[in-house]
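Down below is the structure, laid out as structure tokens.
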Amino acid sequence: MKQYLKDYTKQIDNLIKNKKITNQDIENHLVKINFFQNERLIHLLVTLAYGIFLFLSIIISLNNYIFTLITIIIAIFLIFYVRHYFFLENHVQYLYKQYDEMKKLNNK
């Protein structure tokens, strides 16, 4: 997903740079934004679930030291999910900026 999103933003940046924006490009961009927003929402929910699991596993590991390994594994997963979520969040916000720029160029 990361590479797909990076490639797509580069593609749109090239369209904006060349100032060749059509109404169809804008409509397609809105569809892609919607797809990426859905992806971002799913990753937010998974990240929140891992945060809850981490909190619960910390509480359990206070009473049962064997559970500490599971807590560490969940913490590692949470770090990677947070990192990926922030990537999605920042790139989706960049897509909004691209959309605004596309609208400006199309109205000229």
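Coordinate-derived values only; no laboratory data. None of these values were measured; they are calculated from a predicted model. Note that each Cβ is placed from the backbone with ideal geometry, even for glycine, and that neighbours are counted across all protein chains shown.
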Might you let me know whether the range 13-36 holds any residue that is part of a helix (DSSP H, G or I), touching a Leu at 6+ places or on another chain (Cβ under 8 Å), among the β-branched types (Val, Ile, Thr) and in contact (Cβ under 8 Å) with a residue 40 or more places away in the chain? yes
Do we have GLU39 as in contact (Cβ under 8 Å) with a residue 24 or more places away in the chain and out of contact with any Gly (no Cβ under 6 Å at 6 or more places or on another chain) here? yes
Could you please let me know if ARG83 is within 21 Å of MET1 (Cα to Cα), basic (Lys, Arg) and surrounded by 12 or more Cβ atoms within 10 Å (Cβ to Cβ)? no
I need the full set of residues from the range 53-108 which are farther than 30 Å from ILE21 by Cα and among the polar types (S, T, N, Q), in order please. SER57, SER61, ASN63, ASN64, THR68, THR71
Which one is farthest from ASP13 (Cα to Cα), of the residues in the range 86-108 that are surrounded by fewer than 12 Cβ atoms within 10 Å (Cβ to Cβ) and basic (Lys, Arg)? LYS108
Could you tell me which residue of the range 56-79 is farthest from the chain's Cα centre (by Cα), considering only residues that are aromatic (Phe, Trp, Tyr) and surrounded by 12 or more Cβ atoms within 10 Å (Cβ to Cβ)? PHE67
